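All of the numbers you see were taken from the coordinates with simple rules; none came from a lab. Keep in mind that this is a model prediction, so the values were computed, not measured. Backbone-built Cβ (ideal geometry, glycine too); neighbour counts: all protein chains shown.
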Amino acid sequence: MPTPTYTLIASSTVGSGGASSIDFSSIPSTYTDLCVKVSARRSDTSEGYLSLRFNANSGSNYSNRTLRGTGSAASSSADNSTTFLDFWVIDGTGYTANTFASTDIYIPNYAGSTNKSVSADNVAEGNTNTMYMQMTAGIWAQTTAINQITLYAAGAPSGTFAQYSTAYLYGISNS
Amino acid sequence: MPAARTYEPIATYTASGSSTTFSFTSISSTYTDLRLVINGTLTSNQGIKMRFNSDSTSKYSYTRMYGNGTSAGTDTSANRDAIDVGYQISSSRQMTTIDIINANNSTTNKVCLYRLTATANDGALAGVGLWYPTTKVAITTIDLVAGANYVSGTTATLYGITAA
């Protein structure tokens, strides 16, 4: 039987109490790339970032460039040497009900010995005037293999993932 | 009989540091769509051009949007001899993904969607490219030609996606 190319490693669904983070640990090093697909909403009124750390690394090792559209304007921003990799935005309770933001995160060569590139698409649409789509080019400036990914409903203030938020971690094999 | 895989690796190459080109040849006609993933960088700041079936005539065009960390921009170019899939910065690893939709038919021009992920220069870039040869053919060869050598360890992987 051929080796599957695209394999579900782990999944997480947030329960009724909400969750401040979603954690994937003990990620095997046997794949080539990783892909994380997130559907998330905050239990807090305001919107906020979907934030990520690798290997629980809280050092200033994350940087990004973004391209963002709101339906009325396009913009770009940069963050250098930060303690999270941030993706904008996750809906809060003040947004359209029963609507979750979607984020697709791709991490090539996650088990290699070089710095780690990250590509992410984040979209939040609610049939209202101000919504967002953002492309993020990120980097984790560490050469260790990734064996843990932790997602946070961060922002100002840091928040909570709402019930029914989900995250799926996939491994992709190139042979 | 085990089901055929929907998403299948076709070939992967790792640069030795002395080549400016990744070439994928004899691509099977059994795939509906193709996906390329490139991770690494070049030995100097240069771009990567993509060509199909060794066609270097002026039969390519593209439109791109990008955010460089300061401002958002867009550009377009027609009648090119290749699709420019993004400028690589030698000091930082980048990731480029290219999706070629409906690659295996002899009736349509070929459209691709591509993404460059870099934390310098073009930053977050998305583009659409078009190959419009006079005679419509399936894609059997893809060349990724860089303006400088790929850094040793840079990888390029081609995946095939089947619709049935």
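Only Cα pairs under 8 Å and 6+ residues apart enter the sum, and on that basis the relative contact order of the stretch B:35-164 stands at 38 percent. Counting only Cβ charges, +1 for Lys and Arg and -1 for Asp and Glu, the dipole size of the protein assembly as shown around its Cα centre is about 380 debye. Over 18 Å apart at the Cα level, from the set B:K59/B:K110; A:K37/B:K110; B:K59/B:K136, are A:K37/B:K110.
Spatial offset of the stretch B:86-160 relative to the stretch A:116-175 amounts to 24 Å, using the alpha carbon center of each. The alpha carbon centroids of the stretch A:21-72 and the stretch B:1-54 are separated by 27 Å. Of A:F87, A:F54, the sequence from fewest to most neighbouring Cβ atoms within 10 angstrom is A:F54, A:F87. With springs only between Cα atoms under 10 Å, which of A:S119, A:S26, A:S165 fluctuates most in a Gaussian network model of chain A? Comparing A:S119, A:S26, A:S165 in the GNM, the peak value goes to A:S26.
Could you name the aspartates and glutamates whose alpha carbon sits less than 18 Å from that of B:K49, not counting residues in the same chain fewer than 8 places away? Of all the aspartates and glutamates, those that pass the test against B:K49 - Cα under 18 Å, at least 8 places apart if same chain - are B:D75, B:D81, B:D84, B:D99, B:D122, B:D143. Springs join every pair of Cα atoms under 10 Å in this Gaussian network model of chain B, and among B:D75, B:D84, B:D143 the largest mean-square fluctuation is at B:D75. A simple charge model with +1 on the Cβ of Lys and Arg, -1 on the Cβ of Asp and Glu and nothing else charged puts the dipole of the stretch B:47-164 at about 120 debye relative to its Cα centre. What you get for the stretch A:54-173, charging only the Cβ of Lys and Arg (+1) and of Asp and Glu (-1), is a dipole of about 200 debye around the Cα centre. In the protein assembly as shown, with Lys and Arg counted as +1 and Asp and Glu as -1 at Cβ, which of these residues, B:T63, B:N149, A:P4, has the Cα nearest the positive end of the dipole, that is, farthest along it? Farthest towards the positive pole: B:N149. Of A:T96, A:T83, A:T128, which has the largest mean-square fluctuation in a 10 Å C-alpha GNM of chain A? Taking springs between Cα atoms under 10 Å, the residue moving most is A:T128. Each of A:T93, A:T83, A:A145 was scored by the projection of its Cα onto the charge dipole of the stretch A:35-164, and the greatest displacement toward the positive side belongs to A:A145; charges sit on the C-beta of Lys, Arg, Asp and Glu.
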